[in-house]
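Notes follow once the structure below has been shown.
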Amino acid sequence: MGALKKTFSTLGSLVLTLFGLSVLTFFIGRVMPTDPVLAAVGDNAPQSVVERVRMEMGLDQPLYIQFGHYLNQLLHGDLGKSILTSNAVTSDIARFFPATMELATAAIVIAALVGIPLGVWAAVRQRSWIDQTIRVICLAGHSLPVFVLALLSLLVFYAVLGIAPGPGRQDIIWQDMVPQVTGFLTIDSLLAGEYDAFWDALAHMAQPVLILAYFSMAYITRMTRTFMLNALGGEFVITARAKGLSSRRVIWRHAFPTVAVQLVTVLALTYAGLLEGAVVTENVFAWPGLGQYLTTSLMNADMNPVVGATLLVGAVYVLLNQLADLLYRLWDPRVK
């Protein structure tokens with residue numbers, strides 16, 4: 001009964017959170033200092049056309065009625081239509097979001113594979129020059145703005161050294177040459193047997209992925225170090241050392257498993273943050289993902305894509321948070 005009650009409580013919390021998110025995104029679309037009607041018909045349209053389009057869009061009705069229509073559309077998977085692309089927003093998001101996921105997924109994998117061992121190493125070598133060096137590297141990763149790193153990367157590796165491809169997701173010769181199956185260009189090119197396209201896509205991914213990975217790695221390393229310092233000071237670790245166990249066994253078989261549970265939450269939220277925070281990186285590298293789609297729509301007062309993309313990112317963040325909480329409980333049954 002306790003587990004069932006907890007499940008219903010979690011589901012209720014999830015539904016309320018998503019409802020609150022839908023309320024927030026609705027009012028974002030209404031308080032923006034741009035008129036979606038004028039964005040659709042133009043500033044020089046006759047007043048009669050403006051009023052007719054306003055009625056067609058339902059913007060002449062009271063807010064509570066507009067919100068009811070908005071919720072009804074959401075429940076049917078309808079996020080409206082984009083003025084810029086003339087496509088349904090859901091169709092556009094399905095086309096652009098995989099590119100963002102490809103960046104974020106590659107970045108979180110690299111960040112975890114590098115950041116976790118570095119964090120453990122820094123904790124084991126606390127106050128040594130190794131620890132200080134790792135902390136400086138992490139501080140730089142947190143302090144330097146992402147757009148500065150992105151611009152410097154393009155300047156050095158593309159403009160000056162010429163060893164990296166330019167902005168974009170692939171060279172023009174490979175545009176629309178790879179059938180879209182998963183939306184991940186690297187995977188789709190392998191599935192199609194286009195190995196030259198695969199290496200080209202991988203080369204274009206390198207700079208934005210490494211920049212996002214560095215930013216995430218700094219946070220993961222810092223959190224891992226903190227968790228490990230607490231674990232290494234525990235009585236069970238002192239007992240293990242007193243039994244004569246090797247340092248490697250104490251670290252990886254006794255101390256690390258206790259922090260792995262906490263790292264699940266850190267990694268899940270970091271991944272959600274990458275999906276949310278890749279906007280600047282995508283714009284610098286002209287990466288055709290959700291971030292660039294969102295920015296272009298916002299600059300052109302196309303509010304349906306802005307609201308839809310914001311709602312999607314928020315929902316992903318909430319769902320990943322709940323997934324991390326579930327994994328935390330499954331991994332450590334002591335957590336109630």
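The values are calculated or read from the model by the stated rules, or taken from the named source; none is laboratory data. All values reported here derive from a predicted model rather than from experimental measurement. Backbone-built Cβ (ideal geometry, glycine too); neighbour counts: all protein chains shown. Surface accessibility is based on the protein's heavy atoms, side chains included, excluding ligands, DNA and RNA. Shrake-Rupley method; radii C 1.70, N 1.55, O 1.52, S 1.80 Å.
Do we have any residue at all in segment 189-199 that's among the acidic types (Asp, Glu), modelled with pLDDT of 85 or more and closer than 30 Å to residue 226 by Cβ? No, that holds for no residue. Annotation: of all residues in segment 176-188 being in a loop (DSSP other than H, G, I, E, B), open to solvent by less than 70 Å² (accessible area, probe 1.4 Å) and β-branched (Val, Ile, Thr), the one that is modelled with the lowest pLDDT is 178. With respect to (1) surrounded by 14 or more Cβ atoms within 10 Å (Cβ to Cβ); (2) part of a helix (DSSP H, G or I); (3) in contact with a helix residue (DSSP H, G or I) (Cβ under 9 Å, 6 or more places away or on another chain), the lone exception for residue 173 is condition (1). The set of residues in segment 255-314 that are within 22 Å of residue 78 (Cβ to Cβ) and among the small types (Gly, Ala, Ser) comprises 297, 301, 308, 309, 314.
Inclusion of residue 250 among residues that are open to solvent by less than 10 Å² (accessible area, probe 1.4 Å), aliphatic (A, V, I, L, M) and farther than 30 Å from residue 154 by Cα is warranted. Residues in segment 230-240 that are assigned to a helix (DSSP H, G or I) and open to solvent by less than 50 Å² (accessible area, probe 1.4 Å) were compared, and the one that is nearest to residue 126 (Cα to Cα) is 232. Of the residues making up segment 189-220, those that are touching a Phe, Trp or Tyr at 6+ places or on another chain (Cβ under 9 Å), crowded, with 23+ Cβ neighbours inside 10 Å and over 19 Å from residue 163 (Cβ atoms) are 189, 216.
The residues of segment 61-93 that are in contact (Cβ under 8 Å) with a residue 12 or more places away in the chain, open to solvent by 30 Å² or more (accessible area, probe 1.4 Å), aliphatic (A, V, I, L, M) and closer than 23 Å to residue 299 by Cβ, listed by number, are 79, 83, 84.
Figure legend. Inter-residue proximity from segment 274-292: first residues assigned to a loop (DSSP other than H, G, I, E, B), second residues buried (at least 21 other Cβ atoms within 10 Å of the Cβ) and β-branched (Val, Ile, Thr), beta-carbon distance below 6 Å, spacing 6+ or different chains. Indicated pairs: 278/100; 289/100.
Filter segment 189-242 down to residues that are small (Gly, Ala, Ser) and free of Cβ contacts under 8 Å to residues at least 24 places away in the same chain, then give me how many there are. Of the residues in segment 189-242, 6 are small (Gly, Ala, Ser) and free of Cβ contacts under 8 Å to residues at least 24 places away in the same chain.
All told, residue 266 meets the bar of being out of contact with any Gly (no Cβ under 8 Å at 6 or more places or on another chain) and farther than 30 Å from residue 91 by Cα.
Scanning segment 94-144 for residues that are part of a loop (DSSP other than H, G, I, E, B) and without any contact (Cβ under 8 Å) to a residue 24 or more places away in the chain gives 125, 127, 128, 144. The residues on offer are 185, 263, and the sole one that is farther than 30 Å from residue 328 by Cα and of a type in the set (A, V, I, L, M, F, W, C) is 185. Scanning segment 128-158 for residues that are open to solvent by 70 Å² or more (accessible area, probe 1.4 Å) and at pLDDT 85 or above yields 129, 132, 135, 136, 137, 139, 151, 152, 155, 157, 158.
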